[in-house]
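The values are calculated or read from the model by the stated rules, or taken from the named source; none is laboratory data. In this text the structure is predicted, and so the values were computed from the model without any measurement. Cβ sites come from the backbone with ideal geometry, for glycine too, and all protein chains shown count toward neighbours. To get the accessible areas, we keep the full protein, side chains included, count just its heavy atoms, and leave off ligands, DNA and RNA. Shrake-Rupley method; radii C 1.70, N 1.55, O 1.52, S 1.80 Å.
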Amino acid sequence: MKRILLSLVAIATIALTSFGQAPEGFKYQAVVRDAGNLILNNQSVGMQLTIQQGSIGGVTVYQETFVLTTNAYGLVNLEIGSGTVVSGDFTTIDWSVGSYFIETAVDVTGGTSYAVMGTSQLMSVPYALYAKTAENVLDSTGIANMGFVASSGTCGLSIGDWHAGGIIFYLDGTGCSGLVTAPTDLSTAAEWGCFGALIAGADGTTIGTGYQNTIDIEAGCVTAGTAADICANYTDWFLPSKDELNLMYENIGQGNVLGLGNVGGFANYFYWSSTEGGFNYAWAQSFYVGNQNIYDKFSNYYVRSVRAF
């Protein structure tokens with residue numbers, strides 16, 4: 001069987017039975033390509049979707065299967081939560097507890113001999129649900145969990161303000177310190193770099209780890225013009241970690257969690273994070289639909305730098 005590649009392109013909407021209740025399902029799209037990057041159009045495929053809690057390969061809380069036919073563009077459309085249930089109960093998933101990931105497996109013949117093709121972190125769907133059901137739950141720093149932050153603080157600063165040479169997308173518990181993003185992209189086609197090499201220390205995911213990731217990438221990857229290298233050419237600026245990148249999307253980008261709109265002026269395309277995903281992969285995020293995934297380091301994606309203040 002040929003190896004099949006999935007281009008995960010959309011986690012778009014929630015179908016709620018009523019406000020505050022668990023979703024019946026959410027839309028999911030994928031473009032199915034072969035190992036030569038050719039689209040598999042008008043072809044029957046079997047798919048197995050697994051929702052994992054906590055991490056890639058974490059506890060399986062729900063699994064279901066589908067038999068679908070790709071369209072003329074190789075696209076399949078489905079609604080997670082409406083397939084043939086293998087295990088778990090979609091309606092009882094508590095989206096407010098930890099992070100969730102979705103593993104996609106495919107059988108190109110339309111059968112059930114599934115091969116795992118990738119795992120993406122679920123961002124917009126559970127977070128939007130969390131915002132409806134637990135929007136007042138704060139962590140120990142006073143900042144809302146699941147990537148939501150206070151929109152303003154006691155220092156007169158607000159998310160979306162111009163400050164310290166960029167646009168504020170994160171404020172800490174004091175409201176006086178945080179992170180800003182540059183107002184424009186530094187590149188529209190940069191590689192993450194060093195395909196086949198594992199960069200020691202470049203695996204930070206959380207807020208506050210992008211700076212060290214960038215330092216470690218610069219130390220361990222001598223290739224010029226990589227995403228991190230482009231950012232590091234400017235004093236105190238760095239490539240954001242995957243969680244920092246998501247806050248950019250949520251708070252001042254297309255995610256529009258705070259109702260500010262895309263004040264960051266981000267493109268509807270993929271942006272690199274500084275978080276490495278292995279020898280050949282690193283984390284990037286689609287600013288069109290919000291999903292994060294690991295991609296080949298030689299992929300050409302957008303770059304936006306950030307700095308702390």
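At a glance:
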item	result
Leading residue by the ranking (modelled with the lowest pLDDT) among those in segment 289-309 that are over 18 Å from Ser187 (Cβ atoms) and within 17 Å of the chain's Cα centre (by Cα)	Val289
Residues being over 23 Å from Phe279 (Cα atoms), of a type in the set (A, V, I, L, M, F, W, C) and not in a loop (DSSP other than H, G, I, E, B) - total across segment 172-223	2
Single residue of Phe287, Phe298 found to be surrounded by fewer than 21 Cβ atoms within 10 Å (Cβ to Cβ) and touching a residue at least 12 places away in the same chain (Cβ under 8 Å)	Phe298
Test for Thr181: is it open to solvent by 10 Å² or more (accessible area, probe 1.4 Å) and β-branched (Val, Ile, Thr)	no
Qualifying residue in segment 43-64 (condition: aliphatic (A, V, I, L, M), part of a strand (DSSP E or B), at pLDDT below 85 and open to solvent by less than 20 Å² (accessible area, probe 1.4 Å))	no
Residues of segment 65-101 classified as outside any strand (DSSP E or B), open to solvent by 30 Å² or more (accessible area, probe 1.4 Å), touching a residue at least 12 places away in the same chain (Cβ under 8 Å) and farther than 18 Å from Thr119 by Cα, total	9
Some residue of segment 115-128 being closer than 20 Å to Ala284 by Cα, out of contact with any Asp or Glu (no Cβ under 7 Å at 6 or more places or on another chain), modelled with pLDDT of 85 or more and among the aliphatic types (A, V, I, L, M)	no
